[in-house]
Every structure is written in C-alpha cells, then in structure tokens.
Amino acid sequence: MLSEHCLTGIKVLDLTRALAGPSCTRALAEMGAEVIKIEAAPDGDMVRRISCFDKDRSHYLVQWNLNKKSVCIDLRTEEGLDLVKSLVPKVDVVVENFRPGVMTEMGLGYDALCDLKSDIILCSISAFGQTGPMATNPGYDYIAQAYAGITSMIGAPDEAPCIPLVGIGDASTGIHGALAITSALLYHARSGKGQHLDVNLLDVYYSYHEVNVHQYAGSGGSIEPTRGGQHMSYVSPAGIYQASGGYIMILAFMQHWKDLCAAMQRPDLLDQELFGEDTTRTEHRFELVPIIEQWLQSFPDVESAMQVLNDHHVPSAPVLTVAETLENDHLNARGSIQTVDDPIAGKITFPRMPIRFSAFPEDPAYKAPKLGEHNAEVLKTWLNINDEEIERLSAEKIIQSKNS
C-alpha cells in the first residue's frame, strides 16, 4: 500500500451506500484519502448481499470500496448518531447519498454539520438534486435516465426503449462528485471555507446530450431526436455493422469517410451524389449499410476485417462481449482489468479505477473492509474511546461487525 498519494492527509466521512455514493468515495480512497465508511447496523451497505459467489463475500462491495475503513453503527439510536457527529470535526469532507431531507432529520444537515465544523465540505449525491419539485422522490440510475430523455435515445426507433445493463449514471455521478470535492478542497485551501455540493444523477445524465437538446431547441422543434437503433442520426457512416461471425462498430464520418472508401477499395463512392457530402450521406445512411456490410462479410471473420480497417486508420472496433474484454490485449496491457487478493474470497476481478498518475505508477494492494472491521481502530484513534467503552458499545449493539 502506498504511503503517499494525491489526497494523502484528507479525511472523509462516507455515509453512502449502493453505487453513486461509493463510486465517489472509491475514487477519493484510491487517491489516498482516509475514508471512514459508516454502515448502518446490522447489515451494512445493501450491496454486501449482491454478487456473493463464495464465502458470503460480495464482489460488488469489494469493487467499489477498496481502501476504505468500515465502521458499523446503529444509526437508529441517539448514541449511534452521537458517534457519527463526534467524527465530523475530525474530517475534511462528508459524503452522503440519502434522499434529500433525511440528513436533516438525522441532525446531520449542512447547517448542523457547520455547527460541528464550520469549514466542512458536504457532498450530497441524489437522484434529482437537493431542490426542485422532484427532489424528495425516490430514484435510481434508470429513473433519472428516463427523466433526462436518455432512455428515449436507446434502442431501435420502431421498438420500445431499452436500458443499458451498466451503471453509467451512478458511476459517472460519483466521479462528478469526486471532481466537485477535489475542487472544493482546492477552494478551501485558498479561502479556508467549506461548502455544500449538490450532485445528482438527473443533471449528470442530462449533460450527456451531445447534440439532442440543442438540435431540438435550435431547429424550433423540427428536429426531434429519438433512438436510432444501430446507427447515429446526425453523422454517417456511424454505427454497428454486421460482419462475418460478429459485429463491428465503425465511425467513418467527415474526414474518415475517405479512409473507409480506401479500405473498401471504393473511391467511386467519394464522387457519388448521395454519398459525397456529409449532409447527403447522412440523409441516405441506410443505403450505405448494405454496401458496407457486404464488404465486411467478404472477410472470413471479424478479425480479418478489423485488420484492414486498422491498416487504413478507420475508427472501428469489434463489438466485444464482457467475456471477450477479459482476454483483450489492450485492456490487459494497461491494467484496466484489476484482480485483487481479497482476504475472504481470494482472487476477485473487476474494472480498475480509470485514472492514471505518473507520480504514483504502481498499483497499491488496496483491500475492501469487512463490515465493522475498523470499529475499534477508528473509535480509539479518532475519538479516544477506550477498550472498555468499545466493549460496552459492542455488547449493546451500538456498533456491530461481521466477518464478511
């Protein structure tokens, strides 16, 4: 484990669970911050019951909670909440992802935190934000995705919308939270002031509209963006094409159109009225599909077609399955696929945090905590609570722990 990293010395009180919050504090923890993960007794973070393949250890929990310390407290008791409040003056940042209003009900709202530590930074992560008519509505990733108009853009145009089975909204909202926190820490270093950060899934998802919102607004509604199935609607060729034995993603629009024509040995397409200009080529994009797919299917397999596309610098990729990504040379060479040696479950494999630091090139041997593993350490070190008092708190189940 590294003795120093970018955020060494920063202390974070983590009141999050599930994914959006823990992905934020995961980034902070893996950048060296000391993150104390407060888990509600008796079972802790809900994800401890997900993806348990052996020895009752959650692979989900391990992936999103490396290098954190777990303190498991009964937050339904006044004494348990008092322990949490006692930790606030010891930290720089508090991160939470409760439904708006819950922190205030617990006596941990921003004003109350400021009474405990005037320069505290509070990052609140939610589905819809801390204000607005939907603020207190329950919500998850796909709920915010639907409200943001993103779900309407996924799937075939003549079929029902689809959902992507990945945590795009949750994980990227967490990273936006980490960006907000590191920026607030820089501001604090300059001004000595803390602040309340409002980060939510709906805003993050809505910001992902590359062209849809401005095209609809700018055209006065004449352009109505909707799902395009396998192909993009505003540039061409750009989409998923069937090859021999699989599919290939090709993005050969604008300056790359000539590269694809060269790869296909079809320079005549450059001069055709329907395909020569970007605008007309996009209007007639579906007429290009059989031309491109016939060429791709002239190869015996996807790999052979990819070789020619790469030789001609055409932006393209095979559509890999999850199983195939684990064997991908590039992902393995970059260390994007991480395997940790968990003390309970043994080898666990998952995607590595995607940020690379030249000053800290090695991969630290971070571990994920067992539930309540650090109860005694944190209470002793941070709050000067003695062994007898810790034993009493444990006996009365104010603090709890499990070997999983």
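Observations
- Taking θ as phi - 60° and the Karplus parameters 6.51, -1.76 and 1.60, the scalar couplings of region 269-282 work out to 5, 5, 9, 6, 4, 6, 10, x, 9, 4, 5, 5, 5, 5 Hz in sequence order, x denoting glycine and proline.
- Sulfur and carbon atoms: percent of accessible area, the chain [1.4 Å]: 54
- Placing unit charges on each Cβ (+1 for Lys and Arg, -1 for Asp and Glu) gives the chain a dipole about its Cα centre, and among 58, 153, 390 the Cα reaching farthest toward its positive end belongs to 390.
- For region 267-322, the relative contact order works out to 15 percent when only alpha carbon pairs closer than 8 Å and six or more residues apart are counted.
- Approximate spin-label separation residue 294-residue 55, in nm, with each point projected 7 Å along Cα-to-Cβ: 5.8
- Relative to the current alpha-carbon distance between residue 338 and residue 324, full extension at 0.36 nm per residue lengthens the span by 3.5 nm.
- The amide H of residue 10, built 1.01 Å from its N in the peptide plane, has 34 as neighbours under 5 Å, considering only residues 5 or more places off or on other chains.
- Among the listed pairs 117/370; 37/370; 90/402; 85/397, those beyond 22 Å (Cα-Cα): 117/370; 90/402
- Summing Lys and Arg as +1 and Asp and Glu as -1 over all other residues whose Cβ lies under 15 Å from the Cβ of residue 331 gives a net charge of -1.
- Antiparallel DSSP beta bridges within the chain, as percent of all bridges there, nearest 5: 45
- Annotation: per residue accessible area for region 282-404 equals 60 Å², rounded to a whole number [probe 1.4 Å, protein chains only].
- Close amide H contacts of residue 243 (hydrogens built in the peptide plane, cut-off under 5 Å, sequence separation of 5 or more or a different chain): 248.
- Between residue 160 and residue 240, the modelled labels are 1.8 nm apart [label points 7 Å from Cα along Cα→Cβ].
- In order along region 75-82, the Karplus-derived 3J(HN,Hα) couplings, from 6.51 cos²θ - 1.76 cosθ + 1.60 at θ = phi - 60°, round to 6, 7, 9, 5, 5, x, 5, 5 Hz, and Gly and Pro are given as x.
- Of 125, 355, 73, the residue with the greatest mean-square motion in the GNM of the chain, using alpha carbon springs below 10 Å, is 355.
- Using R0 = 22 Å, the C-beta based FRET efficiency linking residue 104 and residue 79 works out to 0.65.
- Amide H within-cut-off set for residue 123, under 5 Å, with H built and near neighbours excluded: 94, 95, 96, 197
- What the phi angles of region 202-213 give under the Karplus curve with 6.51, -1.76 and 1.60, with θ = phi - 60°, is a coupling list of 4, 4, 5, 4, 5, 5, 7, 5, 5, 10, 4, 5 Hz, glycine and proline written as x.
- Accessible area per residue, Å², region 164-272 with all protein chains present, probe 1.4 Å: 52
The values are calculated or read from the model by the stated rules, or taken from the named source; none is laboratory data. Here the structure is a predicted model, which is why all the values come from computation and not from measurement. Every residue, glycine among them, receives a Cβ derived from its backbone with ideal geometry; neighbour counts consider all protein chains shown. Protein only, heavy atoms only, side chains kept; ligands, DNA and RNA dropped before computing areas. Shrake-Rupley method; radii C 1.70, N 1.55, O 1.52, S 1.80 Å.
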